[in-house]
Amino acid sequence: MRQSGQSTLLFISLGLLTTINVINSWQIDHLERLAIEDSARLAAIEAQLRAGVPVSGAATTTAAGPAARSAQEAEALADPKNLLRAPTRPRVRAAQVSPGRTLRMQIGQDPQGLNPLIAKGADVNEYSTYFNAFMATRDIGEPERWVPDLAVKVTTDDDLRYRIELRKGVHWHRPAVDWASGRYDWAKGPGPDDRQPFTAHDVVFTLDAIRNTQTAGRVSDLRTYFEPVVAYRAVDDHTLEIQFKEKAYTNRSALFEMPIIPRFLFSVDEDGKPFDAATWGLKLNEHWYNQKAIGTGPLQFVSWEPGVKMEFARDPHYFGEPVAYDRLLMSVVKDQNAWPRKLKAGELDFIYLQPEQFKTEILDDKDGVLLDNPAIKRADFSLFNYFYVGWNADRPKFADKRVRKAMTLSFNRAGVLEKVLYNQGALTSGPFPQQTPCYDKSVQPLPFDLEAAKALLTEAGWTDTDGDGVRDKVIDGQRVPFTFTLITFGSSSEYETIASTWREDLLQIGVQMQPLPLEWSAMLKKMDERDFDAFTGAWVTTWEADLMQLWHSAEADKPKSGNRIGFRNAEADRIAEALRLEFDEAKRVELCHAFHRLVAEEQPYTFFYQRERTVLYWEHLNALEFLQIPPHRDVRLFSFNQPASP
Amino acid sequence: MTEPAARPPVAEDPSWVDLIWVQFGKRKIARGALFGLLGLLLLAIYAPLLASNKPLLWRVADGPLSSPWLLSLFDRNFFENGVDLFFNALLVCVSLLGLPAAWAWRRAATLPRAARGARRARLLLGGIGALLLTLGLNAAAPQARPKEVYPALQAQLEAQGTPVLAVYPPLPHSFRDGVLDQARARPSAAHPLGTDAAGRDVLVRLIFGARISLTIGVFAVSLYISIGTVLGALAGYFGGRVDLVIQRLIEVVICVPSLFLILSVAAFIEDRSIFHIMVIIAAVAWTTPARLVRAEFLRHRNLDFVAAARAIGYPQHTIIFAEILPNTLGPVLVSATFGVASAILTESTMSFLGLGDITVPSWGQMLNAGRTTSEWTLILAPGFAIFVTVSLLNLVGDGFRDAIDPKLRR
Amino acid sequence: MLQYTIRRVLLIFPTFFLISLLIFVVLNVAPGRPGAGAGGGGGEQAGQAEQESYRIFKEQFNLDKPIALNLRHLTDLAEVAAWVDAVRAAPGAVPPAARIDAQERLEDYGLVLVPHLLVLLEDADPERQRAAAAWLAVAGQQRFQNDRRGDVVAAREANRAIAAANQEIKGWTWTAAAPAAEVEQKRAAWRAWAAAAPDRLEWTPAERVEMSLLDTRFAKYWQNLLLLDFGVSNIDRRPVLDTLLSKMKYSLSLGTLAVVIAYIVAVPLGIFSAVKQGTTADLVTTIGVFVLYSLPSFFVGTVLLRIFTEGDPLALFPTGDFETLSAGPMTTAERLGDIAWHLVLPVVTYTTGALATLSRYARTGVIDVIRADYIRTARAKGLSEPVVILKHALRNGMIPILTLLGSLLPTLVAGSTVIEVIFNIPGMGQHLYNAINLRDYNAVMAVLLASSVLSLLGILLSDLSYALVDPRISLD
């Protein structure tokens, strides 16, 4: 009896304690919520104060920017010798600015890092346009036109020596470090928010970094363009001179589109101590700030948790037109299948569709309502790339252009594009993006024609003499059957399908093809060693046409070069060299067209298609615009219909 | 079956294997599962008879009657994979020799024990010989002609008014080549489980996938059982320094997280084939049989009969292999059965993560395709295939364990 | 007991050494080039500067060294001459694979080439002389010392001198059109350079043995490992240990939750099944557990995702992730709730796998004990059945299942690759998967080593706890 009384007491007191605890937790939770709300309010006020604007409206945020921008710039643009010209249209209209909004997008994987000089990958290149500014950018209306960015004036007499006048009053973003700790006080500068000024010395530092062979990563690609640089120096804080060894059209874009990193941050270690001159290139590769971003662009870096998310915020001191929203949140969603679900759940503002999803969401969508929600819209744009099949010209079989042409004719490109890739792209016939004037629209892709292919093979001496169904020919005194191996990119199932369909068609014309799916590194090894018959590949292209790396015969003999197929053609060499030296747009287009016709005739590649992408987005984003030029998806242009609901 | 009644009364003791067999036979579930496995094996062997786009019989107008299907069985351009060629050879051998062999096997039961063992060993050797012969003939045979697309050809000929006689297997689809026009079809009469993104019939791939899974399971396990048995026997018999080295090795391999290691190694091999996958699995899993065998040896090493054998002057290898090794058979058999199940699971995990052999129809890979397309048939069909196979193996393994050691029965 | 413990703990170190050797060799022997397609060039362009940069990259990650045995000091003159000729041969004369191989060797071998190259420098063929000088400028380069730890100031000082020396010898090469005087002057410079420190280019047998064993990738790796330096990732150049630790919290929370739940469900289930042994209820439980045991976790995960997240039929749970990212700041309670909501499906998937094993163990344990004499005695004393089970049987029957906890330690922390990939949880399993796909050797090594250490500890714990609770276990 006594025992049970004790346990009753125990239970009651336990119950009481639990109740108190619950109430307590609830109260703490409530307090926490209040604190969060307060700090959010404070942060908002502080942000507005920092922007130098009285606590009021939003549209005025832009007021300070353009006015300060135009004084020096207007004068520079008035100079007829300036290579830079006024933009045809602004990137953002002030009326679109909606404060309080966060643009939420997904990324499929983490970038390698955020130092645009070190981290490799198309993604880093794209993100660096968010937080970085460049010397000059291509105009979004007329891509041939270079418009001022960090440079306001570029002059040259001979296209060898360039003199660059930089914009004044530009500051680097505030590094995203723990300022309160006091450890980073050395990074404080004289500018607003303790920012450091951007000067010509930063550009010189960047050029030093690019030319230092200890650095590795993206600089490897940049270095090729800056190898012909003879000298460069900062004349004063805002003037720069750079001299190239050879005249080349590519010099300009290399110079204008080079990512720039701040000297005050990247020349020192985490305690502000300068690196040793002997090893600073190596230090830069592993710099403590490489996982964060700094620049002079419209968005400043806030945080990045690998595998989870990356955040940027509008820079209130940006010299150009600010972006139309406050924050940019990029969540890492590795599983592409989750993208449409997350869009639908309102966790994202816009997404890319994968070809498979394009099929389910759009082609199979009977009612025409995307994701069953009328507020979700669709936009499409074409990327700067092309997919192709490369033929090893050093192999006797494919040395004959008639054979290569027969291969192209036997490849049902239109069928594959429609059935496997769901028409997410356009057939292409040459190495230039179809949106650029360089692409000669009069050159049509070859048709799918097995009979013509048979005729060409017979003409080239390939006939079935022994009746085994496979064509053969005597090469170097030996009878060889027409069999070959096609190396495909193994990590994607699309290629498996493509290869197996093509094989069926090739069998019809008496050719045996064996697909060999390989992973990228294995594929690269085979290509470096020229140990292949044919492979599937893709190139990312640019607005500016340059043919030296892929098509010049001098590259054919270099190991590990871009001319993997060993293409050697005197006329192609001539065009490639002429294009490097030609600065006149009309003449450049002529040269490109001549080259386009040449490859259509020679068929060194079987040109396949140029890929398109489809984006789904909520209609609270203004009609999305995608640029003709990379990065086509320019989040700087995105804006919302209405400000955030409180 | 009147067979047992016809058997003459034998005075000899039933052998240990017979005892286990009888014990096993008493367990209905396990016996059922064993039949299930046998069915699965037959399904894998006779896969081309169920599904092929080559007609079993083919005649154009009054032309000669032919069987493109039969020719395709040994066509290295059609069945490129060694696994398929092996199973095709098995198909031919089993069809031709299966019934007589089974009859002879049963007949052997009436013989006295010694003769019975010899007869059965001869039968087994003969079977393996026939299989090797078929494979050899296949390898020596000239490359077959490039295949024709028979359904298309038939349609074309019929459109011209030529009568065509064509008899197809029940599922007239190839396991490998897709038909672009039928990509991602929903289940229908023609495709009971629909098609995948490349237009390949899901059911057909599922059936052919059984070949891959069974091969990987059986071969990987045979491989590691061999390694493990040899090492375990050495360690257990010799003891001392040999034992120490092998023990350390076992310890090291056990401590490495096996799936992590398997995935890493698989990823770093560029042209992965199922051969690589089997070797990787074996390289990680050999420790279990090694420990079992070692323990058995330690237990038996000092028993009387071994001492006796040694005293008589038997050479060491005879002692090891003739006297002690048979005793380890039981536990090893049990762990092998479970091992096949876990090897199949490992392989499907690998191919699910895209680290398998991408050129073969693997269940894990199909399930991953289901995940990317959210297609129910593509998720459930391969999932159940794996589940059923693994369950059957586990049930059989349970049955063996109970049969061998009734004490272990829980 | 103490002695046993100490011995077991000490044994960890040699075992760990062997494990690291095993993993290292296996990963490095598997074909595939580290750094290919990732960091450090070796990719599209191969200009002069790029070649140099790729060489430095290899040097930095010790990729220029052989894996575990360095026999490069046995290289003879004929071999070196053949490589030099292969690299400078006319296009098409040498297969590209052989040319690349020769070039890699000339870049990687370092000082051992110098004596042979000095001989080639005196060759009759001027072109060969020129090539020899060019390769001397590569092979003669000294490595920088590590200035991140130890005597940093001295190391920096030394590095400055090394940089100056390297820069100087880089200049001692000439072009094909160079005048004879310049050639002669530079050759003289090389001779003087070689004569200045002759002992650097000669190796005693002892030094050769040392070089064979210690100038290898593994030896260098282990030297760093002893200082807890796992190296930096060759993808993002971040210390791999930092990344690893930041991933651990995700795997740990998922794993702990799943294991706790698995225990909470499995133990009563096992007891129930054991007590009702032989009844229909036992049969049903056993079959259910058996089914769970045979279900692959990737299948369970895929099906759960399909059922519960896509809105066809249900959209009850989020489609993955550890927590909601786009939400604004949340209070602790809200955040915990959010995480819990995200973790439901992964935990269920995780639990189904662990549940089967655990409840089987629990059942076995209890059955063993129920049959034991002292339980029979307890029953005979007239104690009621629940008391017997709960007080006597349970305490002893749970020993095996609790010692099992030790062996769960690695999975607990390292997580499951499959589940983390399916549910997009940025834990260690997913980290390994990504590192594998990016060929990030250091990161893969770190994950494998870390989980091996955990395995070692887990096995140790489980053995020790076994020895503690079961006096019958022999300690020797």
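Observations on the structure shown:
- Scan of region A:146-202 for residues that are among the acidic types (Asp, Glu) and more than 25 Å from residue A:270 (Cβ to Cβ), ordered by number: A:149, A:157, A:158, A:159, A:165
- Restricting region A:529-541 to residues that are surrounded by fewer than 17 Cβ atoms within 10 Å (Cβ to Cβ) and not small (Gly, Ala, Ser), the residue that is farthest from residue C:104 (Cα to Cα): A:540
- Boolean, residue C:375 is of a type in the set (Val, Ile, Thr), modelled with pLDDT under 85, within 19 Å of residue C:466 (Cα to Cα) and part of a helix (DSSP H, G or I): no
- Taken over region C:411-440, residues that are closer than 15 Å to residue A:112 by Cα and either aromatic (Phe, Trp, Tyr) or in a loop (DSSP other than H, G, I, E, B) (or both) amount to 3.
- When A:457, A:450 are checked against the criterion of being modelled with pLDDT of 90 or more, surrounded by 18 or more Cβ atoms within 10 Å (Cβ to Cβ) and aliphatic (A, V, I, L, M), A:457 stands alone in meeting it.
- If the condition is being touching a Phe, Trp or Tyr at 6+ places or on another chain (Cβ under 7 Å) and either in a helix (DSSP H, G or I) or more than 10 Å from chain A (Cβ to nearest Cβ) (or both), then region C:307-340 contributes C:308, C:314, C:316, C:317, C:339.
- Hits in region B:276-303 - residues which are at pLDDT below 75 and assigned to a helix (DSSP H, G or I): B:301
- Condition broken by residue B:372, with the remaining ones in (1) assigned to a helix (DSSP H, G or I); (2) more than 14 Å from chain C (Cβ to nearest Cβ) satisfied: (2)
- Scanning region A:481-529 for residues that are within 7 Å of chain B (Cβ to nearest Cβ), part of a helix (DSSP H, G or I) and aliphatic (A, V, I, L, M) yields A:507, A:522.
- Hits in region A:407-440 (condition: at negative phi, within 14 Å of chain B (Cβ to nearest Cβ) and not acidic (Asp, Glu)): A:410, A:411, A:412, A:413, A:414, A:415, A:416, A:417, A:419, A:420, A:421, A:424
- Residue within region A:315-323 that is on the phi > 0 side of the Ramachandran plot and away from every other protein chain (no Cβ under 12 Å) present: no
- Among residues of region A:476-495, those that are over 43 Å from the mean Cα position of the chain (by Cα) and among the hydrophobic types (A, V, I, L, M, F, W, C), counted: 1
- Residue satisfying all of: in region C:407-435; small (Gly, Ala, Ser) and more than 17 Å from residue C:253 (Cα to Cα); farthest from the chain's Cα centre (by Cα) among these: C:407
- Residue selected from region A:346-369 under the condition surrounded by 15 or more Cβ atoms within 10 Å (Cβ to Cβ), among the aliphatic types (A, V, I, L, M) and over 26 Å from residue B:182 (Cβ atoms), by the criterion nearest to the other protein chains (Cβ to nearest Cβ): A:348
- So residue C:405, is it among the aliphatic types (A, V, I, L, M), within 14 Å of chain A (Cβ to nearest Cβ), assigned to a helix (DSSP H, G or I) and in contact (Cβ under 8 Å) with a residue 24 or more places away in the chain: no
- Any hit, region A:506-523, residues being more than 30 Å from residue B:362 (Cβ to Cβ) and touching a Ser or Thr at 6+ places or on another chain (Cβ under 7 Å): yes
- Sub-7 Å Cβ pairs linking a first residue in region C:285-299 that is assigned by TED's automatic domain parsing to the domain that holds residue C:356 and without any contact (Cβ under 8 Å) to a residue 40 or more places away in the chain to a second residue that is among the β-branched types (Val, Ile, Thr) and crowded, with 16+ Cβ neighbours inside 10 Å, at least 6 apart or interchain, are C:294/B:390; C:296/B:349; C:296/B:386; C:299/B:386, ordered by first then second residue.
- Restricting region B:83-103 to residues that are out of contact with any Phe, Trp or Tyr (no Cβ under 8 Å at 6 or more places or on another chain) and in contact (Cβ under 8 Å) with a residue 60 or more places away in the chain, the residue that is surrounded by the fewest Cβ atoms within 10 Å (Cβ to Cβ): B:86
- Residue count for region A:262-309 satisfying the condition of being over 20 Å from the mean Cα position of the chain (by Cα) and either over 26 Å from residue C:322 (Cα atoms) or not in a strand (DSSP E or B) (or both): 29.
- Looking only at region C:231-252, and only at residues there that are in contact (Cβ under 8 Å) with a residue 60 or more places away in the chain and in a loop (DSSP other than H, G, I, E, B), the one that is surrounded by the fewest Cβ atoms within 10 Å (Cβ to Cβ): C:231
- Residue identified as free of Cβ contacts under 8 Å to residues at least 12 places away in the same chain and assigned by TED's automatic domain parsing to the domain that holds residue B:386 among B:327, B:302: B:302
- Of the numbered criteria (1) under 29 Å from the mean Cα position of the chain (by Cα); (2) farther than 19 Å from residue B:348 by Cα; (3) at pLDDT below 85, the one residue B:171 fails is (3).
- Residue C:419 within 14 Å of chain A (Cβ to nearest Cβ), among the β-branched types (Val, Ile, Thr) and over 19 Å from residue A:305 (Cα atoms): yes
- Among residues of region C:144-159, those that are basic (Lys, Arg) and surrounded by 15 or more Cβ atoms within 10 Å (Cβ to Cβ), counted: 1
- A residue that is buried (at least 17 other Cβ atoms within 10 Å of the Cβ), touching a strand residue (DSSP E or B) at 6+ places or on another chain (Cβ under 7 Å), closer than 28 Å to residue C:426 by Cα and in contact (Cβ under 8 Å) with a residue 40 or more places away in the chain cannot be found anywhere in region C:212-226.
- Answer from A:419, A:405, A:397 - the residue that is surrounded by 17 or more Cβ atoms within 10 Å (Cβ to Cβ) and without any contact (Cβ under 8 Å) to a residue 40 or more places away in the chain: A:419
- Test: residue in region A:232-247 that is in the same structural domain as residue A:164 (by TED's automatic domain parsing) and part of a helix (DSSP H, G or I): no
The values are calculated or read from the model by the stated rules, or taken from the named source; none is laboratory data. Quick caveat: nothing in here was measured; it's all calculated off a predicted structure. Neighbour counts run over all protein chains shown; Cβ positions are idealised from the backbone, glycine included.
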